[in-house]
Every structure is written in C-alpha cells, then in structure tokens.
Amino acid sequence: MQRVLAGLILALGLGFGSLAAGAVSAQPVAGRDDAQRTAETMDIDVLTAQAQAGDAKAQLRLADNFFAGNGVDQNYGKALLWYEKAARQGNAVAQTELGVLYCKGLGVALDYDKALYWTRMAADQNYAGAQYNLGVAYDYGLGVSPDITTAFGWYLKAAEQGYDIAQFNVGTMYENGEGTEQSNAQALIWYNKAAGQGYAPGQYNLGVLYLDGKGVEVDAARGLILVEQAAKQGFALAQERMAGAYYAGLGVPVDKVKAYAWALLAAYGGDRDAEKLLAQMDADEDLSETQYAEASKLAESLLPPAV
C-alpha cells in the first residue's frame with residue numbers, strides 16, 4: 001500500500017500512486033478545505049476594518065474569504081496578502097496556508113523555498129497540518145532532497161495529533177517498511193485510527209488487512225464491512241473490490257446485479273479494473289435487460305450524498 005499526500009502533492013497534480021496488495025497508497029496535504037475557511041464568515045467591511053487594524057484572526061478570516069470567493073470575488077493574490085500579514089504575526093494556520101499558496105503558485109510564482117519556510121514556521125508551533133505538509137515535502141522531494149525517514153517523522157507528529165491523512169500515511173509506511181521498520185501490527189493500529197475518523201482510504205486499507213489476514217486473523221465479514229464503508233463514500237478502489245466480491249462470491253453470495261452496480265460506480269471513478277469487469281459481464285451477457293435496469297438504479301442509490 002502507498003501513502004496519501006495532500007495539498008502539496010495535489011498542487012502538482014499527483015494523486016494516488018501504484019497500489020500494492022489491493023490497497024491504496026499514502027495521501028497528499030493542503031490547507032483547510034473551503035468548509036473550514038467559510039465557517040466564520042462575517043460582514044466583509046467589518047472584517048476588513050478589523051484586519052486593517054492588525055487583528056491576526058481577522059486577517060486570516062479575510063484571507064480565507066478571498067481564497068474561497070466567499071462574500072467577495074475569489075482572488076488568490078489578496079488571499080496571499082492577508083495570509084502573510086497574519087503569518088508574520090505568528091498565526092500557524094496562516095503560515096501553513098501561505099506555504100500552500102507558494103507551493104501551488106496561487107497568486108504568486110511557485111517558490112518551494114518560501115513554501116518550506118512558512119510551513120516550517122507553523123510546524124515548529126506544533127501545527128499538525130504543517131507537519132503533514134513537511135512530511136509530503138520530504139516524501140516527494142519538494143524543495144528538499146527526498147528523505148523517507150524524515151518524512152515518516154513528520155507524518156508521525158501530525159498523526160499523533162489526530163490528523164487522519166497522516167495516520168493513514170503512517171499506516172502505509174509501517175505496512176511497507178518505508179522510513180520505519182515494517183510492522184503489520186502497527187499498520188493495523190494506524191489504519192484503525194484513520195478509519196475511526198471516517199477516512200475512506202483508512203477504512204479500505206484496514207478492510208484489506210482483515211481480508212488478507214495481515215497483522216490480524218482473517219475476518220472476511222469485518223473486512224468487507226470496512227471496504228463497503230469506504231465504497232459508500234465514493235472511494236473507487238473500494239467500489240471495485242465490492243464489485244469483485246459480489247461477482248466471484250468472495251465473502252458474500254454471488255450477486256451479479258450488485259457486482260455490476262458497484263463496478264459502474266468504480267468505473268465512473270476511473271477504476272480500470274472495474275471497466276474490464278463491466279466489459280466482461282457485458283460480453284458474457286451476465287445480466288438481463290431487467291437486471292441492467294436494477295443495477296443502474298442500485299448504483300444511483302449508492303452514490304454518496306452531494307456536498
């Protein structure tokens with residue numbers, strides 16, 4: 001299994017790497033999502049006045065609004081300006097967001113040196129998001145020489161603070177013996193922490209451990225429950241695994257309608273194995289016209305709620 005890298009890796013258009021043993025890899029970093037950025041919106045004029053008066057929290061919130069286009073036209077340049085003002089007052093969240101903007105080249109020329117400078121400032125304040133981003137930088141050699149052991153150390157710091165993506169990455173590194181000693185038992189612990197927070201890749205990889213009996217006794221029923229939880233969140237790898245299970249009767253009774261429905265969803269998410277399964281089922285005429293309609297209706301019902 002591989003790690004997942006957020007923000008910094010997403011900035012470069014990198015996603016999930018190759019998969020091992022049917023599991024997903026490590027994940028990428030960022031700043032906060034738009035829901036976090038817009039949660040504290042207030043009158044823009046009042047917020048601007050407070051920010052101009054030097055209130056670091058107001059500067060951060062104003063920057064968030066410009067970043068997300070919340071109540072104002074989206075403007076990364078202005079977001080950068082206000083994040084920097086708050087960052088220079090020691091605000092760790094703003095320092096992290098500023099690092100992300102420099103890493104992605106949003107509102108400013110891409111500059112890994114400045115991205116790392118501000119990210120380190122926040123990481124030194126024990127801010128989990130920044131610690132995770134430093135892990136990504138060392139993992140992928142963004143502005144620094146790649147150093148998997150150092151990457152593991154930063155991921156672990158963030159994971160110990162409950163950062164779900166970092167917990168997942170720590171799990172994959174223990175499973176693969178990357179940057180640390182190989183340990184399926186430790187992988188199980190960290191995947192369990194990520195899964196417990198509803199993190200779909202964590203649920204999926206934990207499910208795979210139970211299905212394969214790695215670091216734990218084989219428990220197909222529990223494994224499939226976890227994989228299905230991830231699948232219902234729209235995680236294509238988990239959807240493909242569910243399709244395969246129902247197609248071959250692995251841990252569940254054979255059900256070609258359910259197999260086709262899960263494969264439809266996984267293929268929509270870009271899973272090539274799911275596309276091959278659909279093609280095979282079509283060629284073999286596994287479903288009647290009525291069953292095709294049932295599978296399509298079931299797939300629609302399994303779509304995750306729109307955010």
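The values are calculated or read from the model by the stated rules, or taken from the named source; none is laboratory data. All values derive from a computational prediction rather than experimental measurement. Neighbour counts run over all protein chains shown; Cβ positions are idealised from the backbone, glycine included. Heads up: the accessible areas ignore ligands, DNA and RNA and are worked out on the full protein's heavy atoms, side chains in. Shrake-Rupley method; radii C 1.70, N 1.55, O 1.52, S 1.80 Å.
Per residue, the range 202-307 exposes an accessible area of 52 Å² to a 1.4 Å probe, with every protein chain left in place.
Remark on residue 108: its backbone amide H falls under 5 Å from none of the residues 5 or more positions apart or on other chains, H modelled at 1.01 Å from N.
Considering only GluC sites (Glu not before Pro) in DSSP loops that have at most 11 other Cβ atoms within 10 Å, the longest stretch of the chain without any of them is 1-180.
About the Cα centre, and with charges only on the beta carbon of Lys, Arg (+1) and Asp, Glu (-1), how big is the dipole of the chain? Nearest 20 debye, please.
760
Spin-label model, residue 182 to residue 145: label points 7 Å out along the Cα-to-beta-carbon direction sit 2.6 nm apart. Sequentially through the range 165-178, phi angles give Karplus couplings (6.51, -1.76, 1.60; θ = phi - 60°) of 5, 5, 4, 4, 4, 4, x, 5, 6, 5, 5, 8, x, 9 Hz, Gly and Pro residues having no value and appearing as x. Amide H contacts of residue 233 (H built 1.01 Å from N, in plane; Pro and chain starts excluded): no residue 5 or more places away or on another chain comes under 5 Å. Note on residue 74 and residue 279: the extension gain reaches 69.5 nm, defined as 0.36 nm multiplied by sequence separation minus the Cα-Cα distance. Fully extending the segment from residue 272 to residue 293 would add 5.3 nm, taking 0.36 nm per residue of separation and subtracting the current Cα-Cα distance. Against the chain, whose longest principal axis is taken from its Cα atoms, helix 148-159 shows a tilt of about 90°. By definition, a body whose alpha carbon gyration tensor gives a ≥ b ≥ c is oblate when a/c is 1.5 or more and a/b is not larger than b/c, and the range 143-203 fits this oblate description. With no solvent and one equal point scatterer placed on each C-alpha of the chain, evaluate the Debye formula and give log10 I(q)/I(0) for q = 0.06, 0.07, 0.12 Å⁻¹, two decimals. With one equal scatterer per Cα and no solvent, log10 I(q)/I(0) is -0.24, -0.33, -0.84. Multiplying the residue separation of residue 117 and residue 197 by 0.36 nm and subtracting their alpha-carbon distance yields 25.8 nm.
Summarising the label geometry, the points placed 7 Å from Cα in the beta-carbon direction at residue 300 and residue 189 lie 4.8 nm from one another. In the chain, Cα pairs under 8 Å separated by at least six residues give a relative contact order of 11 percent. Measuring between alpha carbons in the structure, the pairs from 157/193; 57/104; 214/256 lying more than 20 angstrom apart are 57/104; 214/256. Here the chain exposes an accessible surface that is 49 percent carbon and sulfur, computed with a 1.4 Å probe and the other protein chains kept in place. Secondary-structure-derived ellipticity at 222 nm for the chain, considering helices only, amounts to -19500 deg cm²/dmol, per-run term -39500 (n - 2.57) for DSSP H runs with n ≥ 4.
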